[in-house]
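The values are calculated or read from the model by the stated rules, or taken from the named source; none is laboratory data. Here the structure is a predicted model, which means the values were calculated and not measured. Virtual Cβ from ideal backbone geometry, glycine too; neighbours counted across all protein chains shown.
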Amino acid sequence: MSVLLHREPSVLKLPNVAVPSPILQMENVCKGYGSGVTRNEVLSNINLDIREGEFLAVVGFSGSGKTTFTQLAAGLIQPDQGTITMDGQLITGPSADRGLVFQNYSLLPWLTVRGNIALSVNTVFRNWSRAERRDHVERFIEMVGLSHAAHRRPHELSGGMRQRTSLARTLAMKPKMLLLDEPLSALDALTRSQLGDEILKIWQEERQTCLMITNDVDEAILVADRIVPLTPGPEATLGPIFDVDIERPRNRAELNDSEHFKSLRNAVTNYLVDVRQQARDKEMAASKHLSFRLPDIRPQDLTRKGRIIG
Ligand SMILES: Nc1ncnc2c1ncn2[C@@H]1O[C@H](COP(=O)(O)OP(=O)(O)OP(=O)(O)O)[C@@H](O)[C@H]1O
């Protein structure tokens with residue numbers, strides 16, 4: 001096995017391998033916030049095809065614009081320039097086709113686990129019979145291992161259980177595409193790896209197209225078919241695509257001993273470290289040319305006779 005790095009993903013030619021058609025496409029997308037001197041150009045010239053059925057991970061540093069990227073894909077915000085399409089249709093707002101799981105759960109506090117999931121199911125599948133909807137809700141509660149806690153409200157759940165509920169609620173709506181915005185980042189290390197394994201298992205069963213945003217390279221390699229780094233901001237953009245050609249099902253413990261896993265981890269990490277260093281060098285060089293014009297102030301003699309201080 002080898003580390004495949006595609007500097008030009010669009011011209012990639014893989015012999016005898018049919019590349020699935022893209023489900024979501026971003027073309028020359030730019031997004032910033034604010035105006036005038038406070039304007040912050042967050043993302044610049046983002047081009048990406050997300051293929052039907054693939055698990056794609058975007059990895060980047062904190063503050064580089066990962067959440068902005070997910071919100072654009074979800075349709076919660078609009079690009080300043082460029083286009084984002086799903087199945088060829090321009091994305092102009094949120095849709096049940098794209099299910100979003102946030103890092104902070106966003107559950108309704110007055111509803112139980114079952115109630116939170118049922119609310120979404122009842123909204124999306126209005127035409128189903130009551131029994132169908134009930135069975136569907138129970139299936140997803142079971143899928144995320146929360147049958148024993150289905151009657152509990154969010155404040156009675158651990159962080160991991162809340163995130164499971166959030167995941168089940170989104171999965172139960174059967175979106176064509178899952179958008180996972182750092183779903184594990186608020187969790188402790190043990191729960192993080194456990195839920196990471198569960199997400200992977202569920203994805204292997206359901207095979208929905210999945211876009212996961214993360215700052216954890218190991219996590220990305222464990223779950224993804226392809227990894228794309230996001231360079232540091234401002235004007236963050238996507239780097240080269242790394243293929244994760246590691247057979248599935250993948251096992252976290254076995255991967256740790258795999259030479260291929262290690263070389264891929266080094267390749268992605270080195271790329272991220274390099275681009276961060278370049279960004280810092282650029283910042284340093286720019287700051288050297290900065291000159292400040294000091295105001296022309298004449299010092300006053302405050303000890304002059306007759307002058308009262310205090
Ligand atoms: N609504 C907004 N208005 C103004 N600035 C914003 C807004 N949302 C994000 N930003 C700014 O855009 C930049 C990128 O933020 P974003 O949350 O997308 O990054 P991130 O990579 O998800 O960060 P983190 O890893 O810390 O969650 C930051 O400088 C942030 O302050």
Is segment 174-192 home to any residue that is β-branched (Val, Ile, Thr) and outside the structural domain of residue 118 (by TED's automatic domain parsing)?
yes
Of the conditions (1) closer than 24 Å to residue 235 by Cβ; (2) of a type in the set (Ser, Thr, Tyr); (3) at pLDDT 85 or above, residue 287 clears all except one; give me its number.
(3)
Of the conditions (1) assigned to a loop (DSSP other than H, G, I, E, B); (2) within 16 Å of the ligand (Cβ to nearest atom), residue 110 fails just one. Which one is it?
(2)
Can you confirm whether residue 254 is of a type in the set (D, E, K, R) and without any contact (Cβ under 8 Å) to a residue 12 or more places away in the chain?
yes
Among residues of segment 240-268 being closer than 30 Å to residue 205 by Cβ and among the polar types (S, T, N, Q), the residue surrounded by the most Cβ atoms within 10 Å (Cβ to Cβ) is 258
Looking at 272, 222, can you tell me which residue is buried (at least 17 other Cβ atoms within 10 Å of the Cβ), closer than 21 Å to residue 56 by Cα, without any contact (Cβ under 8 Å) to a residue 40 or more places away in the chain and out of contact with any His (no Cβ under 8 Å at 6 or more places or on another chain)?
222
Taking segment 63-76 and keeping only residues that are within 10 Å of the ligand (Cβ to nearest atom) and either surrounded by 15 or more Cβ atoms within 10 Å (Cβ to Cβ) or not assigned by TED's automatic domain parsing to the domain that holds residue 215 (or both), one is left with 64, 65, 66, 67, 68, 69, 70, 71, 72
Qualifying position, being under 19 Å from the mean Cα position of the chain (by Cα), buried (at least 21 other Cβ atoms within 10 Å of the Cβ) and among the β-branched types (Val, Ile, Thr), among 101, 113
101
Note: among 142, 156, 182, just one is without any contact (Cβ under 8 Å) to a residue 24 or more places away in the chain, within 30 Å of residue 218 (Cα to Cα) and surrounded by fewer than 22 Cβ atoms within 10 Å (Cβ to Cβ), namely 142
